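Remarks on the structure that follows.
What follows draws every value from the coordinates through simple rules; no lab data is involved. For clarity, every value in this text was computed on a predicted model and none was experimentally measured. Here Cβ is always computed from backbone atoms with ideal geometry, including for glycine, and neighbour counts include all displayed protein chains.
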Amino acid sequence: MKVFGIRLPGMSSLLIWGLLWEIFGRSGLSFFVPPLSDVIATLFEVIGTPAFQKALYETGYAFVAGVFFAVSIGIPTGILMGKNRLLDELLLPWVNIFLSAPLTALVPVLMVLFGFGMKSIIITTTLFAIWIIILNARAGVMQINRSLVEMAHSFGATPWAAFTKVYFWAALPEILGGVRIGIIRAVKGVIIGQLLISIVGFGALFELYSNNFLMSHFWAVLLVLFAMAFTISEVLAYLERRVSYYAAKR
Amino acid sequence: MANRSLFLKLLSAFVVFGAWEIAGRIPVSYAFPTFFESMAALFKMMFDGSLLAAYAETLKPLAIGILISAFLGIAIGLWIGLSGWFDWLFSPIFIVMQAAPLAALIPLLVMMYGIGLTSKVFVVCIMAMPVIVLNTAGAVRNTPSSLTEMGKSFLASKAEVITKIIVPAASPVIFSGLRLGISAGFIGAILSELKITPTGVGDIITYSRSIADYATMYAAIFSIIVLAVLFLNFLEKIEKFFFAGNVRGYASD
Amino acid sequence: MLQTDNPVQDLPAGHGHSVASSNSSANAVSVRNVSKNYGTVEALKDLSLEFPKGQLTSLLGPSGCGKTTLLKIIAGLLEPTSGEIEVDGRSVDGPGPDRAFVFQDFALLPWASVLRNVSFGLELRGVAKSEREDIAAKYIADVGLAGFEKSYPHELSGGMRQRVGLARALSVDSDVLLMDEPFSAVDEQTRRKFQEDLLSLVANENKTFIFVTHSIEEAVYVSDQIAILLPRPSRVSDIIRPSGLREKDSRSIRRDPEYLDIVDEIWESLRSYVE
């Protein structure tokens, strides 16, 4: 987008939307939408409160734990599926089912099995993230160039050396791509889990604010949450581009 | 070979459902019914008509939300893909929406629109729309430049380039965006029934949980997952059927 | 930019070397002082070139010499920064019915059958369905694809796809055919067949061909006139007109001493530009 020959940076239109938000908020047309400036002022207030920091800590903990399990179980499973045909045929239908299944429906089951707490939220997060990680790791291993495999053989690589020095790296762009999408899904999963099990983290905070009609507080937390989610996804996309150079030429 | 694949699918289903049955018999938890108990509950609901009534209720916000998202999402996506100015203005919103946990908006929607159908339709829309918009816009932007140049060199008008080249070229990706949108819409529809007001399948889940009728609860969850997966697979089959040769046929093959 | 009757229809078709006059009415396309800049990069600088009517002119040069840019400017797909293009004596500033383009990557509609692809140019000109399909069917047969009317591009080989692209360009009956490395995406044997077919096409159709290639042998084999373009800044360094090749049988050209000499001569002038 160019105005008077000057290139406007990609996300700069968000400033315009922020301005519209401010104007709309000030017009007082809706009680539910306070002006952006109020929200930002509240934001700095809220960040210091113990309630917010507790919610942030709990969410961060559930998110990191959920992603950790998804990655450490998902990547090896995916690689094994890519290498072993029998395992692949046994597991693939289930991976595909859970990839497209509405996982929110499983949260009540987790609640009755694992209680109304952190454990259920962590499992929800893992469930949201893991399937795409498995599928991408599998695809990464399966697309490894035949001649690369033959090259490793012809130079006499041991299976372990071939795996650590060739296969893993050749599949890395796909694996990282899967981890990126998985993490974005995990962000959504952790919030959905907290909303449904609304006594922990931001779920509890939302409950508190909406019961007391603290609109600026509510928006402030949303703003923080969205900004963090967006930052995470952009950072991951940046990292993925850093390794994609060798994905392009092979 | 088709037999082997079918056999393995059946074997894998047998192993999983068998494990479910055994885990339910031990039982691993007081809230873990066996597979057969759950299936019995499912058939009971199917025959007394309560499942059908519940789905009629659940699918209403889903269908309305998906229709709105599809029309609006494709229109906005086309516009973003075609106009640099519109792209600059609207893309960031949908990019942020795509990355953000929009479920967090639900408490706000409930405050603004109450606990009725409107809120639920809204939830489905905010979940489904971003991927539809972004897929459509991306597909339009990625129309092979040699095709649009071809149109121009054979004197196509601007409208003809859009209707005869860009839209057909983009349609496979638009359709898969629609499928992903519907998948997200399912998540939204169930989320809204569990979070906003228990109606339809959400009501069965919530109510049977409260009276500790776990077999019925598992049956309801099982049915919604099966329904969603079957429907999405069906859409994928349609997609493959209609657009089989569409992504191929360029010189780079 | 309506197509009018061509006032100079009485030129001997095909045997182009006989009309190498400087008379501008014998030129179907004239490029006058064309420059094209991308930002600060000069893709073409003050380039002038004449394309005689009824002949095939090749634009030959190392990669990056701007030959495709020049072709797309003639087609009206790119706008020159300065200078002008004349087609049949009239200045043009966009695509027109007097020029048809054959694309390097074929640019076929993957969702349309061969018949619709070939008739697409006529469809865009508002020709009625039955009429345009009759015309298309004729050209499909002419390029040797009879029986494939209902096939889709992905069911065809690369060579067959380019025949579809060629039939589409022929069916709109333009005076000038612009071909952008049309055979570079097909295999060597198909390519040779194409080159032979192209020679008879030039001989039988009263059309002007502008042909971009990076193959020296191909350029010498098919051309009445070869414009050698050199890069940085792009300019026409030489124009070569093989004098005796067009009378030869298409199968003996490659053994002709003149053919071999010209190929050698061009390679000598180009070799220092190839990395």
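Karplus-based coupling profile of region A:124-141, in residue order and whole Hz: 4, 4, 4, 4, 5, 8, 6, 5, 6, 5, 4, 4, 6, 4, 4, 4, x, 5, with θ = phi - 60° in 6.51 cos²θ - 1.76 cosθ + 1.60 and x standing for Gly or Pro. Remark: relative contact order (chain B) = 25 percent; criterion is Cα-Cα distance under 8 angstrom and separation of 6 or more residues. In this structure, B:PHE242 and C:ASP238 have a Cβ-Cβ separation that, at R0 = 45 Å, corresponds to a calculated FRET efficiency of about 0.30.
Only Lys, Arg, Asp and Glu carry charge here, each on its Cβ (+1 for the first two, -1 for the last two); on that basis region B:68-244 has a dipole of about 220 debye about its Cα centre.
Around the Cα centre of the protein assembly as shown, unit charges on the Cβ atoms of Lys, Arg, Asp and Glu (plus for the first two, minus for the last two) sum to a dipole of about 1960 debye.
Can you list residues from other chains, or at least 5 along the same chain, whose modelled amide H is less than 5 Å from the amide H of B:THR34? So B:THR34 has HN proximity to no qualifying residue. Measuring nothing but how far apart in sequence close Cα pairs (under 8 Å, 6+ apart) lie, relative to its length, chain A scores a relative contact order of 25 percent. Computed over region A:35-249, the P(r) curve from all C-alpha pair distances, binned at 5 Å from the origin, holds 1, 7, 13, 15, 15, 14, 11, 8, 6, 4, 3, 2, 1, 0, 0 percent per bin.
Close amide H partners of C:ARG235, meaning residues 5 or more places away or on another chain with modelled amide H under 5 Å apart, are C:LEU230. Based only on the alpha carbon positions, what is the Kirkwood hydrodynamic radius of the protein assembly as shown, in angstrom? So the Kirkwood estimate lands at 30.7 Å.
Placing a label point 7 Å from the Cα of C:THR81 along the Cα-to-Cβ direction, the residues of region C:235-275 with a backbone N closer than 14 Å are C:235.
Set the Förster radius R0 to 30 Å, insert the Cβ-Cβ distance between A:SER37 and A:SER72 as r into 1/(1 + (r/R0)^6), and round the FRET efficiency to 0.05. Given R0 = 30 Å and the Cβ-Cβ separation, E is 0.10.
Footprinting exposure proxy ranking of A:GLU22, A:GLU234, B:GLU193, C:GLU247, fewest other C-beta atoms within 10 angstrom first, gives C:GLU247, A:GLU234, A:GLU22, B:GLU193. Modelled spin-label separation between C:ARG271 and A:LEU19, with each label point placed 7 Å from Cα along the Cα-to-Cβ direction: 6.4 nm.
With a 10 Å cut-off around each Cβ of B:81-94, the average count of Cβ atoms from other chains is 3.
May I ask which residue of C:PRO242, C:LEU124, C:GLY144 lies farthest towards the positive end of the charge dipole of chain C, with charges of +1 (Lys, Arg) and -1 (Asp, Glu) on Cβ and the Cα centre as origin? After comparing all options, I get C:LEU124.
Placing unit charges on the Cβ atoms only, positive for Lys and Arg and negative for Asp and Glu, gives region B:148-233 a dipole magnitude near 280 debye about its Cα centre. Between B:PHE36 and A:LEU29, the FRET efficiency estimated from the beta carbon spacing at R0 = 51 angstrom works out to 0.35.
For the pair region B:39-111 and region A:66-82, the centres of their Cα atoms are 30 angstrom apart. Here B:LYS158, C:LYS72 are placed in order of increasing Cβ neighbour count within 10 Å, fewest first, which gives B:LYS158, C:LYS72. Taking the longest Cα principal axis of chain B as reference, the axis of helix B:2-25 is set at about 40 degrees. Phi-derived couplings, Karplus 6.51 cos²θ - 1.76 cosθ + 1.60 at θ = phi - 60°, listed residue by residue for region C:230-244: 10, x, 6, x, 5, 8, 8, 8, 7, 10, 10, 10, x, 8, x Hz, with x used for Gly and Pro. Taken along the Cα-to-beta-carbon direction at a fixed 7 Å, the label points for B:VAL226 and A:TYR57 span 4.6 nm. Between the Cα long axis of helix B:35-47 and the first principal axis of chain B there is an angle of about 70°, rounded to the nearest 10.
Comparing A:GLY177, C:TRP111, B:SER210 along the charge dipole axis of the protein assembly as shown, the residue lying farthest to the positive side is B:SER210, per the Cβ-charge model. Projected onto the charge dipole of region C:154-275 (+1 at Lys/Arg Cβ, -1 at Asp/Glu Cβ, origin at the Cα centre), which of C:SER184, C:LEU156, C:TYR221 gives the Cα projection farthest towards the positive end? Farthest towards the positive pole: C:LEU156.
Between B:ALA19 and C:ASN37, the distance separating the two model label sites (each 7 Å from Cα on the Cα→Cβ line) works out to 6.9 nm.
As a proxy for reagent exposure, ranking B:LYS195, C:LYS45, B:LYS237 by other Cβ atoms within 10 Å from fewest up yields B:LYS237, C:LYS45, B:LYS195. Across chain C, C-alpha contacts under 8 Å between residues 6 or more apart give a mean separation that, scaled by the residue count, equals a relative contact order of 25 percent. Centre-to-centre separation between the Cα atoms of region A:129-155 and those of region C:82-118: 43 Å. Expressed in units of 2.2 N^0.38 Å, where N is the residue count, the Cα radius of gyration of chain B is 1.25.
With a 10 Å cut-off around each Cβ of C:122-128, the average count of Cβ atoms from other chains is 3.
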